[in-house]
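The values are calculated or read from the model by the stated rules, or taken from the named source; none is laboratory data. Note that this is a predicted model, so its numbers are computed, not measured. Note that each Cβ is placed from the backbone with ideal geometry, even for glycine, and that neighbours are counted across all protein chains shown. Side chains included, ligands, DNA and RNA excluded: accessible areas come from the protein's heavy atoms. Shrake-Rupley method; radii C 1.70, N 1.55, O 1.52, S 1.80 Å.
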Amino acid sequence: MKIVKIACLSAALLGSTFSFAQSDDLGMYTSVEVSRKIVSKLEVSLEEEFRLRDNLNEIDRFSTALQLSYKFCPYLKAGGAYNLINYNHPTKDWEIRHRYYFFVQGSYEFNRFTISLRERFQSTYRQGVSETSTRANPKQYIRSKVALSYNIKNFSFEPYTSCEFYNSLNNKTGNGLDKIGFILGTKYKINNKNSLDLYYKYVNFDEDEDETNSHIIGIGYSHKF
């Protein structure tokens, strides 16, 4: 598909630019998601994700997520998911992680803009990792995300921006704001069932034993049955 080839080429060119221009690590997120309504307002989705790090030279992780969500009204939805993560630890070996989360999201539309706020509780258990006096297992977070998008009339692209705050709940050395993520991107509607998501993301990891500051190029494909 022509649009997919263009997206991949653009991401590769952006990746080369950032790898030379920035001292922080450059990564790439790619994902494929399929979703279907089970009954009215209840939707199930399955997502496969693959990530690269170290300036695209190393596999970071691959994961599978199964999510259920319910739309109470045009302005409010909630849901939960289980995510199985295979993580390539930089100094150890491959590590299995079991993650579950619950979320509530509200949105409001005005003058073709949509603003949304999502609150998400997340717990991640790392298989084979012992809890210590300074390291919690599982790790628990509240992730708060605010996003703004613009629906351009008679145009397939929908630009958006978002900011996400990662607040730790059980950090043994003290809870607080551990990470902040910024995204600038656009969604491309291929047709009523297929779409692409192209974005740049920066995440500041204030305190995390596994990760560093990252510039990320992302490509996502979604299909609705």
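The single condition among (1) closer than 29 Å to Asn192 by Cα; (2) among the acidic types (Asp, Glu); (3) touching a Gly at 6+ places or on another chain (Cβ under 9 Å) that Glu158 does not satisfy is (3). When segment 81-97 is filtered for residues that are touching a residue at least 40 places away in the same chain (Cβ under 8 Å) and surrounded by fewer than 18 Cβ atoms within 10 Å (Cβ to Cβ), the ones remaining, listed by number, are His89, Pro90.
Could you tell me whether Ala65 is of a type outside the set (Val, Ile, Thr), closer than 21 Å to Gly185 by Cβ, at pLDDT 90 or above and surrounded by 18 or more Cβ atoms within 10 Å (Cβ to Cβ)? Yes; evaluated as a whole, the condition is true for this residue. Scanning segment 75-133 for residues that are farther than 17 Å from Tyr166 by Cα and either hydrophobic (A, V, I, L, M, F, W, C) or in contact with a helix residue (DSSP H, G or I) (Cβ under 7 Å, 6 or more places away or on another chain) (or both) yields Leu76, Ala78, Ala81, Leu84, Ile85, Trp94, Ile96, Phe110, Phe113, Ile115, Val129.
From the list Tyr150, Tyr125, Tyr202, the one residue that fits, being farther than 23 Å from Lys77 by Cβ and over 17 Å from the mean Cα position of the chain (by Cα), is Tyr125. Residues in segment 44-97 that are more than 18 Å from the chain's Cα centre (by Cα) and polar (S, T, N, Q): Asn55, Asn57, Thr91.
Which members of segment 22-60 meet the condition of being assigned to a strand (DSSP E or B), basic (Lys, Arg) and surrounded by fewer than 18 Cβ atoms within 10 Å (Cβ to Cβ)? Talk me through it step by step, then tell me what you get.
Filtering segment 22-60 down to residues assigned to a strand (DSSP E or B) leaves 25-39, 42-53, 58-60.
Still in the running and basic (Lys, Arg): 36-37, 51, 53.
Scanning segment 22-60 gives Arg36, Lys37.
Note on segment 136-158: among residues that are buried (at least 17 other Cβ atoms within 10 Å of the Cβ) and hydroxyl-bearing (Ser, Thr, Tyr), the one that is farthest from Asn83 (Cα to Cα) is Ser149. Evaluated against (1) of a type in the set (Phe, Trp, Tyr); (2) surrounded by 14 or more Cβ atoms within 10 Å (Cβ to Cβ); (3) within 23 Å of Ser69 (Cβ to Cβ), Tyr200 falls short on exactly one condition, (3).
Residue by residue through segment 115-135, note down the ones that are open to solvent by less than 40 Å² (accessible area, probe 1.4 Å) and either of a type in the set (D, E, K, R) or touching a Ser or Thr at 6+ places or on another chain (Cβ under 8 Å) (or both). Outline the logic, then answer.
Step one: filter segment 115-135 for residues open to solvent by less than 40 Å² (accessible area, probe 1.4 Å), giving 116, 118, 120, 122-124, 126, 129.
Within segment 115-135, Ser116, Arg118, Arg120, Arg126 meet the criteria.
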